[in-house]
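For reference, the structure discussed in these notes is given below.
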Amino acid sequence: SAPPHASWRQRLSSLSPARVCSGLAVSAEQRRLATKASAWQQAAERSPKFKIPSCGSPRMRWVAAVTMLLGMRAAAGFRAGGRLARPASRHTVVMKLKTGIVGMPNVGKSTLFNALTKAQNAEAANFPFCTIEPNTGVVPVPDLRLDKLGEISSSAKVVPAVLEFVDIAGLVKGASEGEGLGNKFLANIRECDAIIHVVRCFEDENVIHVSGTVDPLDDIEVINLELALADLAQVEKRNQKVVKDKNANPDERKALEKLLPALDEGLPARKVELTEEEDKSIRSLGLLTRKPVIYATNVADEDLATGNEMAEKVKAYAEKEGAGTVLVSAQVEAELVELSEEEGADFLESLDVDPEKVGLKALIRAAYGLLGLQTYFTSGPTETRAWTIRVGTKAPQAAGVIHNDFERGFIRAECISYDDLVETGSEKAAKEKGLLRSEGKEYVVEDGDVILFKFNV
């Protein structure tokens, strides 16, 4: 906006760094940069001897000077006037965890994914590799406690916790060597934090099976072997570098030595016992078989209530591996999407199915637990909300999930357990009975805590 004949200082002063810098977070390192940048800018404004880069034409030198100054100001989180700014938004989302849905082609992955997200975004068809690019959806975590808390607090709205699910294309034998676009699919799994392995446990001649026969244990072995082979290649490659590096992390060296023989035998990496330090040293490898897994046994609608022989075989296999299983029916879930809540309840009742024990609700909760997550609540007239934290999180860090300022200025947390609040009927009654606790910085938040955070910044 400065006139063409203006000096470079006049042109510089007409610029608005606020537009460039809005919303940037400020770290300690950025504050140090900010101090230097501020000193430089003030010196430039005071001193006629301030030197701009001596390269090219006067116009190019002016552009270079502005670029450097604005670059430093932007990196430092500045606003107009050279003052260190608070970020435009300090809300922190810390639970960006993904659960990948994997399995052989045509086992019902995309149908389940569509039911989870109550949409038809993922192509579900009766031929292999109908899904190539992964589909991602954010799914609310079912929790009966939310509605009860909302009722007690007369909340205007109720907000559930959420999980992110990724529908990944079917894997086949030879995927670790690129068969069926396997390398791409394996890379998609590597980006996930946990795995739901969908296993076909139903007979239907109208639905093609990629190997010609339905054998859930064989399907599991194929997938697990391909994942183990992919991990083996990853570990061998890393080990070659570590062996040659005299300064390599000794914990990583030990971890790789333990993993190699297990993966060579086709065993999953999660069966290898590692110390906390060893486990941390190899996390960057993103080992597929190190990720926690749940087997979703996909059965026909008539078997959803009790399961069948194939589902029982998968359950026995999972128990030996230390994994969990959940009975689901992609066929039933696809039909439920088209029904109202009341019609859906009647449909499930006709199948003698308890939706809290089998199906998608049970699967979502199982995935939530698989990721080592738990819920605490905030509740009031405006809203009742479920917040997601890792098991073992202390009060200040739990507060930080809501807002960074809550953690930074944490004073205490006023807590009531869900059961106590429901039993007494109100926060006031719970307080009168001495059930309202004042907890400090070392308090480990429990699942179901209803919390009011006190803070000062």
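If you check ALA305 against the conditions, is it of a type in the set (A, V, I, L, M, F, W, C) and in a loop (DSSP other than H, G, I, E, B)?
Values: of a type in the set (A, V, I, L, M, F, W, C): yes; in a loop (DSSP other than H, G, I, E, B): yes.
Judged against the criteria, ALA305 is a match.
What pairs can you find where one residue is in segment 244-258 and in contact (Cβ under 8 Å) with a residue 24 or more places away in the chain and of a type outside the set (D, E, K, R), the other is open to solvent by 70 Å² or more (accessible area, probe 1.4 Å) and outside any loop (DSSP other than H, G, I, E, B), and their Cβ atoms are less than 7 Å apart, with a gap of 6+ or different chains?
The qualifying pairs are LEU256/ARG238.
Of these, GLU338, GLU265, which one is under 24 Å from ILE364 (Cα atoms) and at pLDDT below 90? Before the answer, list the steps.
Details: GLU265 fails: under 24 Å from ILE364 (Cα atoms).
After applying the criteria, what remains is GLU338.
Out of segment 374-433, which residues are within 19 Å of the chain's Cα centre (by Cα), aliphatic (A, V, I, L, M) and open to solvent by 20 Å² or more (accessible area, probe 1.4 Å)?
Hits for segment 374-433 are VAL391, ILE402.
Output yes when any residue across segment 336-353 is surrounded by 13 or more Cβ atoms within 10 Å (Cβ to Cβ) and closer than 26 Å to ILE223 by Cβ, and no when none is.
no
Do the conditions hold for ALA311, that is, is it among the aliphatic types (A, V, I, L, M) and either within 19 Å of PRO140 (Cα to Cα) or surrounded by fewer than 14 Cβ atoms within 10 Å (Cβ to Cβ) (or both)? Before you say what the answer is, go through the steps one by one.
Working: among the aliphatic types (A, V, I, L, M): yes; either within 19 Å of PRO140 (Cα to Cα) or surrounded by fewer than 14 Cβ atoms within 10 Å (Cβ to Cβ) (or both): no.
In short, no.
Those residues that are touching a Pro at 6+ places or on another chain (Cβ under 8 Å), among the β-branched types (Val, Ile, Thr), crowded, with 17+ Cβ neighbours inside 10 Å and not in a loop (DSSP other than H, G, I, E, B), I need them from segment 150-168; list them, please.
VAL166
Please name all residue pairs, on different chains or six or more residues apart, with Cβ atoms under 8 Å, provided the first residue is in segment 364-383 and is over 15 Å from LEU97 (Cα atoms) and the second residue is open to solvent by 40 Å² or more (accessible area, probe 1.4 Å) and assigned to a strand (DSSP E or B).
Pairs found: PHE377/ARG385; THR378/ARG385; THR378/LEU452; SER379/ARG385; THR382/LYS157; GLU383/LYS157; GLU383/VAL158.
Being open to solvent by less than 100 Å² (accessible area, probe 1.4 Å) and among the polar types (S, T, N, Q) is the filter here, so list the residues in segment 233-249 that pass it. Let's see the steps before the verdict.
Initially, segment 233-249 is screened for residues open to solvent by less than 100 Å² (accessible area, probe 1.4 Å), giving 233-236, 238-239, 242-243, 245, 248-249.
Answer for segment 233-249, where residues must be open to solvent by less than 100 Å² (accessible area, probe 1.4 Å) and among the polar types (S, T, N, Q): GLN234, ASN239, ASN249.
Conditions: (1) at pLDDT 85 or above; (2) open to solvent by 40 Å² or more (accessible area, probe 1.4 Å). ALA230 meets all but one. Number of the miss?
Only one criterion is unmet by ALA230, namely (2).
Yes or no: GLY359 at pLDDT below 90 and under 30 Å from ALA296 (Cβ atoms)?
yes
Please name all residue pairs, on different chains or six or more residues apart, with Cβ atoms under 7 Å, provided the first residue is in segment 436-457 and is open to solvent by less than 30 Å² (accessible area, probe 1.4 Å) and the second residue is among the acidic types (Asp, Glu).
Close Cβ pairs (under 7 Å, with a partner that is among the acidic types (Asp, Glu)) amount to ILE451/GLU414.
Looking at this structure, is GLY359 on the phi > 0 side of the Ramachandran plot and either in contact (Cβ under 8 Å) with a residue 12 or more places away in the chain or over 25 Å from the mean Cα position of the chain (by Cα) (or both)?
Values: on the phi > 0 side of the Ramachandran plot: yes; either in contact (Cβ under 8 Å) with a residue 12 or more places away in the chain or over 25 Å from the mean Cα position of the chain (by Cα) (or both): yes.
Criteria met by GLY359.
The values are calculated or read from the model by the stated rules, or taken from the named source; none is laboratory data. Predicted, not measured: the structure shown is a model, and the values here were computed from it. Don't worry about glycine lacking a Cβ; one is built from the backbone with ideal geometry, like all the others, and counts go over all protein chains shown. Just the protein is used for accessible areas: all its heavy atoms, side chains included, with ligands, DNA and RNA removed. Shrake-Rupley method; radii C 1.70, N 1.55, O 1.52, S 1.80 Å.
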